[in-house]
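Student: Quick one: the structure is below, questions incoming.
The values are calculated or read from the model by the stated rules, or taken from the named source; none is laboratory data. Here the structure is a predicted model, which means the values were calculated and not measured. All Cβ positions, glycine included, derive from the backbone under ideal geometry; neighbour counts span all protein chains shown.
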Amino acid sequence: MLLTNLAITLGAVMALMLACWWVSVQIRDVSFIDAIWAYGMVYAVLVATLLAGGVPAGPAGGLLLALVAAWGVRLGTHLILRWRRLGRDPRYDKIIARTQASRGWSFERTALLQVFGLQGPLLWGVSLPAQAGILVDTGTPLPLWGWAGVIIALVGIIFETVGDAQLEAFRKNPAMRGKVLDTGLWRYTRHPNYFGDFVTWWGIFIVGIAAGAPIWTIIGPIFLSFTLTRWSGAPLLEHSLKKHRPGYEAYIRRTSGFFPWPPKA
């Protein structure tokens with residue numbers, strides 16, 4: 001039954017991605033996918049909640065829904081507003097252009113297969129601990145170590161929120177244009193927003209396991225950790241910043257790449 005319901009949530013996520021792809025074709029821009037990544041996880045968990053009866057069976061299921069909603073609505077809104085303000089994301093323009101040049105694909109095909117068709121299964125996979133926890137929750141009290149997962153997830157949400165707020169304030173300050181943000185949380189890690197994501201979803205995984213989710217749902221936080229640290233998160237962003245932001249190389253030498261740590265002298 002669990003696998004059947006998870007297949008249904010996957011189908012619902014892919015339907016959402018197809019709708020977003022249609023929008024991207026109309027506006028010729030896929031940059032809003034970052035916001036859909038966050039909103040899509042909330043959507044997947046809501047679908048799982050409906051499949052479980054519409055109301056979480058116990059405190060674990062309710063906390064999973066609340067944590068994912070708090071994380072996803074805040075982050076998705078932050079990203080969609082940033083997209084509306086700044087416009088197209090050059091990173092996605094490069095992905096589209098490179099694929100079109102190498103494979104001869106149209107914009108429509110590239111957007112479908114390289115962006116929306118790819119992101120759908122990935123966001124579904126990352127949110128598996130929350131989906132499964134809600135679907136199998138029997139209403140039993142949350143153990144103490146499950147509450148520890150709640151605290152960990154909340155720490156991650158707060159850490160990411162503060163990091164994003166500091167970055168927004170930095171970007172809006174004309175005096176900081178062209179400089180490197182190395183104050184606040186950014187003094188201790190080059191990616192407090194990514195680190196906050198990492199902590200949030202490991203906390204949600206713990207709560208999901210406490211609710212009864214199978215251990216194999218650990219593939220969600222493991223994949224997220226990989227993509228943030230080794231694939232499309234920090235590596236892709238830093239490759240661009242090293243080329244276009246004077247002083248970023250020095251910032252790399254003195255500041256932790258991911259886990260918060262006091263800067264080197």
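Student: Can you tell me how many residues in segment 26-49 are surrounded by 15 or more Cβ atoms within 10 Å (Cβ to Cβ) and more than 27 Å from D137 (Cα to Cα)?
Tutor: Selection size over segment 26-49: 7.
Student: Quick one: count up the residues across segment 23-71 that are more than 18 Å from D93 (Cβ to Cβ), in contact (Cβ under 8 Å) with a residue 24 or more places away in the chain, of a type in the set (V, I, T) and out of contact with any Leu (no Cβ under 7 Å at 6 or more places or on another chain).
Tutor: 3
Student: Tell me the residue from G72, G11, G76 that is modelled with pLDDT of 95 or more, small (G, A, S) and over 28 Å from I157 (Cβ atoms), please.
Tutor: G11
Student: Do we have any residue at all in segment 125-137 that's modelled with pLDDT under 95, within 20 Å of V47 (Cβ to Cβ) and assigned to a loop (DSSP other than H, G, I, E, B)?
Tutor: Yes - at least one qualifying residue is present in segment 125-137.
Student: With respect to S225, determine if the residue is within 17 Å of the chain's Cα centre (by Cα) and small (G, A, S).
Tutor: yes
Student: Every residue in segment 40-68 that is more than 20 Å from V155 (Cα to Cα) and modelled with pLDDT of 95 or more, please.
Tutor: If the condition is that a residue be more than 20 Å from V155 (Cα to Cα) and modelled with pLDDT of 95 or more, then G40, Y43, A44, V45, L46, V47, A48, T49, L50, L51 are the ones that fit.
Student: Return the residues of segment 155-175 that are surrounded by fewer than 17 Cβ atoms within 10 Å (Cβ to Cβ) and part of a helix (DSSP H, G or I); say none if nothing qualifies.
Tutor: Answer for segment 155-175, where residues must be surrounded by fewer than 17 Cβ atoms within 10 Å (Cβ to Cβ) and part of a helix (DSSP H, G or I): V155, I158, V162, A165, E168, A169, R171, K172, P174, A175.
Student: Given the residues G178, G196, which is the only one that is among the small types (G, A, S) and part of a helix (DSSP H, G or I)?
Tutor: On inspection, the qualifying residue turns out to be G196.
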